[in-house]
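Structure, as structure tokens:
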Amino acid sequence: MLNVQNYNDLKVWAAAMDFTKQVYEATSFFPKSELYGLTSQLRRAAVSIACNIAEGCGRRSQSELRQFVHIALGSAQECETLILLAYRLGFVQQEAQDALASSIRSVSRMLHGLLRAIDVRIRQSEH
């Protein structure tokens with residue numbers, strides 16, 4: 001089994017937490033009219049990444065962990081789209097959009113790496 005006793009030990013979880021902080025900081029400047037719209041949607045999607053990693057680590061099997069990492073990856077892709085939308089709507093400047101996009105792409109790469117490691121462990125346990 002992939003030795004994930006504590007999600008706090010995962011670099012991807014820490015990166016997702018850092019990204020979530022960036023999102024909260026950036027969205028604090030969004031128009032008040034977006035508080036229950038794009039602001040809320042982006043914040044919830046960002047929070048979902050680290051939470052799904054943590055929840056997956058608390059499950060009993062590698063297959064369950066894999067499922068939650070896939071959900072986290074979906075949330076990361078949602079964030080990337082919402083960041084681009086926020087930029088196109090003029091809610092964030094190019095520099096902020098670039099920083100957020102870079103961070104979420106890094107998190108996504110790490111999630112893909114975690115999925116590969118989980119898949120190796122699943123295949124090894126089948127033999």
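Read the figures in this text as sums done on the coordinates, not as results from a lab. Just so we're clear, the structure is a prediction, and the values are computed from it rather than from any experiment. Methodologically, a virtual Cβ is constructed for each residue, glycine included, from the backbone with ideal geometry; neighbour enumeration extends over all protein chains shown.
A few notes on this one:
- Between helix 94-126 and the chain: long-axis angle, C-alpha atoms, 0 to 90°, nearest 10: 10 degrees
- Charge tally in the Cβ shell below 12 Å around L65, where Lys, Arg are +1 and Asp, Glu are -1, L65 excluded: +1
- Long-range HN-HN contacts of V92 with modeled amide H, under 5 Å: Y87
- Label corresponding to log10 I(q)/I(0) by the Debye sum over Cα atoms at q = 0.09, 0.13, 0.14, 0.23 Å⁻¹ when calculated from the structure given, among (i) -0.26, -0.55, -0.64, -1.42; (ii) -0.27, -0.52, -0.59, -1.24; (iii) -0.40, -0.71, -0.78, -1.14: (ii)
- Dipole size of the chain about its Cα centre, with +1 on Lys/Arg Cβ and -1 on Asp/Glu Cβ: approximately 240 debye, rounded to the nearest 20.
- In terms of surrounding Cβ atoms within a 10 Å radius of their Cβ, S108, S75, S33 rank from fewest to most as S33, S108, S75.
- Principal-axis tilt of helix 62-88 within the chain, Cα atoms, nearest 10 degrees: 20 degrees
- Separation between Cα centres of the stretch 1-50 and the stretch 89-119, rounded to whole Å: 11 Å
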